[in-house]
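Following: one structure in structure tokens, then a few remarks.
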Amino acid sequence: MNTIYKITAILAILVFVSCNEETDEAAVKIIYEDGKEGLDEFKAFSLAPYGINALIYLPDETADIGAADEPRVEHEPNGFKWDIYLGQNFHLIIDDWGDENMITTHKEELEDYSFMYKVDFLEETENFLLYTKELTVDGKKDADPNVGIEHSGYYCYGQHTIDGINFVFRSGDTGSPKLIADYMAKSILSVEQIKKENIN
């Protein structure tokens, strides 16, 4: 009876392990940095369960943006786009661009539409852009009526290389109010590849 019990227990463990998709994560310890400078209203969030080996610091419930307690991530398996939602106001998009450097490409795209939009760069580095985009007077007459005549917003666009892949972290296509963009900029700049150490 004792032998049958042991065999049953071993089989149950094997079935549990084989059904657990996160067995690789169980073999390592993720190292979180405490008290990261300038991120008092943020908490670390792992993107590893969603296929990106990175941490991002997202606004917590103390941030004055109506953030939800927990982020919601939408991602299709084997897809190249991730949507992160915190409440109704904070929506961050992640795109997988492989080995393409998208900062330069994005700036060129903005220049291509300069006949419609006035773009002011508020912060510009090799891997990050914070800018405002406003519909110009000439572009207003060709704008979709649903857009609104005084359409303008703040936009964040950052690139991080994680495990050799370039990921773009950006605000939505319609931009954000300044307060949301400030939080989003900090989140994008906080992204870092996960440091792991064996716990065996």
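Quick one: what pairs do we get from the range 177-193, first residue farther than 10 Å from L58 by Cα and modelled with pLDDT of 95 or more, second basic (K, R) and in a helix (DSSP H, G or I), C-beta under 6 Å, 6+ apart or different chains?
From residues that are farther than 10 Å from L58 by Cα and modelled with pLDDT of 95 or more, there are no pairs.
Do you know which residues across the range 158-183 are more than 26 Å from I194 (Cβ to Cβ), among the polar types (S, T, N, Q) and surrounded by fewer than 18 Cβ atoms within 10 Å (Cβ to Cβ)?
Hit for the range 158-183 is T174, nothing else.
Any residue in the range 43-53 that is at pLDDT 50 or above and polar (S, T, N, Q)?
Here is the first cut: in the range 43-53, the residues at pLDDT 50 or above are 43-53.
Right, trim to polar (S, T, N, Q) and you get 46, 53.
The answer is yes; a qualifying residue exists.
Out of the range 129-164, which residues are at pLDDT below 95 and aliphatic (A, V, I, L, M)?
L135, V137, A143, V147, I149 - these are the residues of the range 129-164 that are at pLDDT below 95 and aliphatic (A, V, I, L, M).
With over 20 Å from T174 (Cβ atoms), assigned to a loop (DSSP other than H, G, I, E, B), at pLDDT 90 or above and not aromatic (F, W, Y) as the only criterion, which of E61, E70, E126, E108 stands out?
Working: E61 fails: at pLDDT 90 or above; E70 fails: at pLDDT 90 or above; E108 fails: assigned to a loop (DSSP other than H, G, I, E, B).
E126 is the lone residue from the list that is over 20 Å from T174 (Cβ atoms), assigned to a loop (DSSP other than H, G, I, E, B), at pLDDT 90 or above and not aromatic (F, W, Y).
Which pairs turn up if I take residues in the range 40-66 that are on the phi > 0 side of the Ramachandran plot and look for partners that are surrounded by fewer than 19 Cβ atoms within 10 Å (Cβ to Cβ) and not in a strand (DSSP E or B) with beta carbon separation below 8 Å, at least 6 apart in sequence or on another chain?
Note: pairs meeting the criteria are G66/G87; G66/Q88; G66/N89.
Please specify each residue of the range 88-112 satisfying the condition of being out of contact with any Lys or Arg (no Cβ under 9 Å at 6 or more places or on another chain) and without any contact (Cβ under 8 Å) to a residue 24 or more places away in the chain.
Selection gives Q88, T104, T105, K107, E108, E109, E111, D112.
The values are calculated or read from the model by the stated rules, or taken from the named source; none is laboratory data. Values in this document were obtained by computation on a predicted structure and should not be read as measured data. Note: ideal-geometry Cβ built from the backbone for every residue, glycine included; neighbour counts use all protein chains shown.
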